[in-house]
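Take a look at the structure below.
The values are calculated or read from the model by the stated rules, or taken from the named source; none is laboratory data. Predicted, not measured: the structure shown is a model, and the values here were computed from it. Using ideal geometry, Cβ is built from the backbone for each residue, glycine included, and neighbour counts are taken over all protein chains shown.
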Amino acid sequence: MAAPTVPATTTGVAPAALSLRGARVSFGERTLWDGLDLDVAPGEFVAVLGPNGSGKTTLMRVLLGLLPLSAGEVKVAGEPPRRGSPSIGYVPQQKALDPDLPLRGRDLVGLGLDGHKLGLGIRGRRARRAKVDAALAAVGGSGYAHAPVGRLSGGEQQRLRVAQALVGDPDVLLCDEPLLSLDLAHQRTVTELIDGRRRSANTAVLFVTHEINPVLPLVDRVLYLVNGRFRVGPPSEVMTSAVLSELYRTRVDVLRVRDRLVVVGADSHGEHCHGEEPVQ
């Protein structure tokens, strides 16, 4: 799938919504990835794949301004990333909330405006309420705006998390395994909400997942991370037996079954790769 059309600059090239140049993250003697160059255009949908421990969530932390690079440069919407940046919306994994948590649906969404600040955070109560109402409506969550969030279903809670990420009108949407623990119907709902936003507002999406199949029709490019190596390109170029065998340094077969990708292989210890693979 080609990336959505984006407005060009006077030079004819649209500025990147997020950019990494020569990026490296190391912890002591262990390097998660090094020399990573990546530009994500406005409106582009990039899936980040790889086994556990490959640095997918670490990449999210770098872009959120929670972790510095060991080397290289990173920019989001033309600026170095920082905590609470209004240019970034963040959708985390679905996690169960305490049923007795004293927080309404609209309160959870409102944290996307001022959860990192003191006070109201934007132009008064009326403007804040209007933004929250609009975000709730955009995800079909108006009906449980006043419901205790802990008593909502996992899919309903995840709708609210998407609304929380969108309420500040971000340029970049970072999604860290947002489909985890959701059934197929709610996976479809969440992916459609995210894709609808990127198409209507030209928002760039970086989508970390262990399961590419629910988002495969939406993906423009894949960033695949494994064992300190990586590859970036369209799914048709990256999700192949040859490329994944090269990255894993062992035989990996990629099969297409009824428009779904299935990865079958073995790691260096003889264990089946598909236990950790993102495309079951």
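All of (1) in a strand (DSSP E or B); (2) touching a residue at least 40 places away in the same chain (Cβ under 8 Å); (3) touching a Gly at 6+ places or on another chain (Cβ under 7 Å) hold for residue 26 with one exception: (3). Among the residues of the range 99-107, is any surrounded by 13 or more Cβ atoms within 10 Å (Cβ to Cβ) and part of a strand (DSSP E or B)? The answer is yes, given that some residue of the range 99-107 is surrounded by 13 or more Cβ atoms within 10 Å (Cβ to Cβ) and part of a strand (DSSP E or B). In the range 108-119, the residue that is modelled with the lowest pLDDT out of those that are among the aliphatic types (A, V, I, L, M) and outside any loop (DSSP other than H, G, I, E, B) is 113. A search for C-beta distances below 8 Å between a residue of the range 227-247 that is in a helix (DSSP H, G or I) and surrounded by fewer than 17 Cβ atoms within 10 Å (Cβ to Cβ) and any residue that is among the β-branched types (Val, Ile, Thr) and at pLDDT 90 or above, counting only pairs 6+ apart in sequence or on different chains, returns 237/243.
Among the hydrophobic types (A, V, I, L, M, F, W, C), farther than 26 Å from residue 155 by Cβ and out of contact with any His (no Cβ under 8 Å at 6 or more places or on another chain) - does that describe any residue in the range 77-88? So that I can check it myself, show each step before the final result.
Taking the range 77-88 first, the residues among the hydrophobic types (A, V, I, L, M, F, W, C) are 77, 88.
Right, trim to farther than 26 Å from residue 155 by Cβ and you get 77.
Next, from what is left, pick out any that are out of contact with any His (no Cβ under 8 Å at 6 or more places or on another chain): 77.
Yes - at least one qualifying residue is present in the range 77-88.
Scanning the range 162-200 for residues that are within 12 Å of the chain's Cα centre (by Cα) and of a type in the set (S, T, N, Q) returns a single hit, 191. Before we move on, is residue 49 hydrophobic (A, V, I, L, M, F, W, C), at pLDDT 90 or above and farther than 26 Å from residue 138 by Cβ? Yes, satisfied. The residues of the range 248-267 that are surrounded by 12 or more Cβ atoms within 10 Å (Cβ to Cβ), basic (Lys, Arg) and in a strand (DSSP E or B) amount to a single one, 260. Among the strands (runs of 3 or more DSSP E) confined to the range 29-95, the ones with at least 1 residues that are surrounded by fewer than 17 Cβ atoms within 10 Å (Cβ to Cβ) and touching a residue at least 12 places away in the same chain (Cβ under 8 Å) are located at 30-40, 71-76. Would you pick out the residues in the range 142-155 that are modelled with pLDDT of 90 or more and not aromatic (Phe, Trp, Tyr)? Answer for the range 142-155, where residues must be modelled with pLDDT of 90 or more and not aromatic (Phe, Trp, Tyr): 142, 143, 145, 146, 147, 148, 149, 150, 151, 152. For the range 232-249, residues that are of a type outside the set (Gly, Ala, Ser) and under 16 Å from residue 44 (Cα atoms) total 3. Here residue 95 fulfils each of the conditions (1) modelled with pLDDT under 90; (2) of a type in the set (D, E, K, R); (3) more than 19 Å from the chain's Cα centre (by Cα); (4) closer than 17 Å to residue 161 by Cβ apart from (3).
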